[in-house]
Amino acid sequence: TPPDNSWVGPVIANNDINFDSVNNNPNAVGIYLSNCDIQDYTILTQSNTIDIGQNAIWNDGCAWNDQGSVLTGSDIAGSYGYNDDNTFSVDLGLDGTTISGFETGVFKTGGGTLSISNGATITAGAGGIGVHTDGIDVSVIDATFDGGATGTGMMVENSNYAWLYPMDVTGNVGLHAK
């Protein structure tokens, strides 16, 4: 039999990406995902630690899944833990991922699906939104979202489907669906 030459995509694992408080660019991006062949593979990140002021992961055209990474921001206005604001209609899975300290923990638009599971915890920065989706299907199984005293735990807009159970959501507004 011929060898199996199929490739499921790159794995980025066990990295520590830190914000340099001396020689820094406040607009630095921890991981930038761009121009992938979304029909053929998915990028998998596992057990990475990203401590950065804003823009921990910026996606511009890649299918991406994470398992157990920790993304921590510095409560900077306008910051994103994971930004997937594009029209590529790719799927995103967060499995046990922890995101905190960003104005918006996860922002996903443009189609595809968002699946959050396995004890994932996403906490918004001051006045922010833990998870904000627009125009995508959402599935949450065993996750926690916190908008804090002045923010929103989760906002789901223009979704044809949302499965949100079991989910723990708190904040000034826990869940905002529109």
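Numbers for the structure displayed
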{"read-out": "Only one of Gly81, Gly9, Gly73 that is outside any strand (DSSP E or B), surrounded by 11 or more Cβ atoms within 10 Å (Cβ to Cβ) and in contact with a strand residue (DSSP E or B) (Cβ under 9 Å, 6 or more places away or on another chain)", "value": "Gly9"}
{"read-out": "Residues of the range 15-42 satisfying the condition of being surrounded by 14 or more Cβ atoms within 10 Å (Cβ to Cβ) and part of a loop (DSSP other than H, G, I, E, B)", "value": "Asn15, Phe19, Ala28, Val29, Gly30, Cys36, Ile38, Tyr41, Thr42"}
{"read-out": "Qualifying positions in the range 129-154 - in a strand (DSSP E or B), closer than 9 Å to Gly171 by Cβ and not small (Gly, Ala, Ser)", "value": "Ile129, Phe145, Asp146, Thr152, Met154"}
{"read-out": "Residue in the range 91-113 that is farthest from Ile141 (Cα to Cα), counting only those that are charged (D, E, K, R) and open to solvent by 10 Å² or more (accessible area, probe 1.4 Å)", "value": "Glu103"}
{"read-out": "Residue among Asp146, Asp142, Asp137, Asp168 that is of a type outside the set (Val, Ile, Thr), open to solvent by 40 Å² or more (accessible area, probe 1.4 Å) and within 19 Å of Asn59 (Cβ to Cβ)", "value": "Asp137"}
{"read-out": "Pair list, Cβ < 8 Å and 6+ apart or interchain, from the range 160-171 residues that are without any contact (Cβ under 8 Å) to a residue 40 or more places away in the chain to residues that are among the charged types (D, E, K, R)", "value": "Asn160/Asp137; Tyr161/Asp137; Ala162/Asp137; Pro166/Asp142; Met167/Asp142; Val169/Asp146; Thr170/Asp146"}
{"read-out": "The lone exception for Leu114 - which of (1) out of contact with any Lys or Arg (no Cβ under 7 Å at 6 or more places or on another chain); (2) in a strand (DSSP E or B) it fails", "value": "(1)"}
{"read-out": "Hits in the range 155-178 (condition: closer than 13 Å to Gly105 by Cβ and either among the small types (Gly, Ala, Ser) or out of contact with any Ser or Thr (no Cβ under 8 Å at 6 or more places or on another chain) (or both))", "value": "Gly171"}
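The values are calculated or read from the model by the stated rules, or taken from the named source; none is laboratory data. Given the structure is predicted, the values throughout are model-derived calculations rather than measurements. Backbone-built Cβ (ideal geometry, glycine too); neighbour counts: all protein chains shown. Surface areas here come from the heavy atoms of the whole protein model, side chains and all, with no ligands, DNA or RNA. Shrake-Rupley method; radii C 1.70, N 1.55, O 1.52, S 1.80 Å.
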